[in-house]
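As structure tokens, the structure follows; a few thoughts come after it.
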Amino acid sequence: MKRIVLMLILALGFISLFAQTGLFDLAYAMPRSVADSLLVSKGFSAKDSTSTLLRYFPQDNEFVDAIIVFVEPKSDRLIGWFIKYSPEMSENNDQFIIRTISDMHGEKNHYDEDTEQLIWFLSTTRTVHVVYADDGGLTVLYYDAYFSHLFDMKSTKDINPVAKE
């Protein structure tokens, strides 16, 4: 009996490593269709997607400019996501987002002075990066280094990651 309970506890811990959920309730390894339904239910619509990148824009959200979802094409599951917030957001809103990330992923983070970004290490390959864009808007990137080649937005020449038109 003790053996079964111990195995269940270990299994739950193991599963939680792979089902790390972040902002907008998106999670690593989430099926593309589930992520799409989730974002649509939160008032976003998809535009210009490829087999590895989907862009979502808010229908009525003054705080978010865009969300980009990165997908591993073979499994059709999320490997990361990028959120671009409006540069018009207040510093209080930015701090709220950072506190929310801390509540989700722990207080322990690293500030990289060279890149001026906060980084949370979720696993040996998964990280969360918070940095300000050139326009002053806060950005959050959920990244998986195992799939680094799929995060190259420059390779998608026809798609501007945050342009609505």
Each residue of the stretch 110-116 in order: what ³J(HN,Hα) in whole Hz does its phi give by Karplus 6.51 cos²θ - 1.76 cosθ + 1.60, θ = phi - 60°, with x for Gly and Pro? 10, 9, 8, 5, 5, 9, 6
Cα-projected label distance for THR124 with ASP103, points at 7 Å along beta-carbon direction, nm: 3.3 nm
With x for Gly and Pro, the residue-by-residue ³J(HN,Hα) of the stretch 58-63, computed from phi through the Karplus equation 6.51 cos²θ - 1.76 cosθ + 1.60 at θ = phi - 60° and given in whole Hz, is x, 7, 7, 9, 6, 9
Checking the stretch 72-119 for GluC sites (Glu not before Pro) in a loop per DSSP with at most 14 other beta-carbon atoms within 10 Å yields GLU88, GLU107, GLU113, GLU116
Quick one: which residues, 5+ away or cross-chain, put their amide H under 5 Å from the amide H of GLN20? H built at 1.01 Å from N. TYR28
Can you list residues from other chains, or at least 5 along the same chain, whose modelled amide H is less than 5 Å from the amide H of VAL64? SER86
Checking the a/c ratio against 1.5 first, then a/b against b/c, what shape does the Cα gyration tensor give for the stretch 9-146? oblate
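Only the coordinates and a few stated rules stand behind these numbers; no lab work does. None of the values given here were measured: they were computed from a predicted structure. Here the Cβ is made from the backbone with ideal geometry for all residues, glycine too, and neighbour counts use every protein chain on show.
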